Amino acid sequence: MTEKKCTPCPTCQGKKIIEGVCEVSSEWRGTKDEQSDDTQCTPDQTCPTCKGKGYEE
Ligand SMILES: [Zn+2]
């Protein structure tokens, strides 16, 4: 009976993916009518550390 415990990936914490983040540009002009181009978002991507497995071997 061998019990193997997998260590959750510290990078994605077992989520297998890196969630995309949205950042608003620091150069905020204060115009509420034009706020579309000032936000940059990165898409979800597979965790490069565990390669989508969610744990370290
Ligand atoms: Zn990971």
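No lab work stands behind these numbers, since they all come straight from the coordinates. It should be emphasised that the depicted structure is a prediction, and the values quoted were computed from it without experimental measurement. Every residue, glycine among them, receives a Cβ derived from its backbone with ideal geometry; neighbour counts consider all protein chains shown.
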What ³J(HN,Hα) values, in whole Hz, does the Karplus curve 6.51 cos²θ - 1.76 cosθ + 1.60 give for the stretch 10-18 when θ = phi - 60°, with x put for Gly and Pro? x, 6, 9, 6, x, 7, 6, 9, 9
Which ³J(HN,Hα) values in Hz, rounded to whole numbers, follow from the phi angles of the stretch 41-49 under the Karplus curve 6.51 cos²θ - 1.76 cosθ + 1.60, where θ = phi - 60° and Gly and Pro get x? 10, 9, x, 4, 9, 5, 4, x, 6
Tyr55 long-range amide H proximity, modeled H, under 5 Å: Cys9
Please give me the summed charge of the neighbours of Gly52: other residues whose Cβ is under 15 Å from its Cβ, Lys and Arg +1, Asp and Glu -1. 0
Thr49 to Cys6: extension gain in nm, 0.36 nm per residue of separation minus the Cα-Cα distance? 14.0 nm
What FRET efficiency would be calculated for the residue pair Ile18, Thr39, taking the C-beta separation as r and a Förster radius of 22 Å, to the nearest 0.05? 0.75
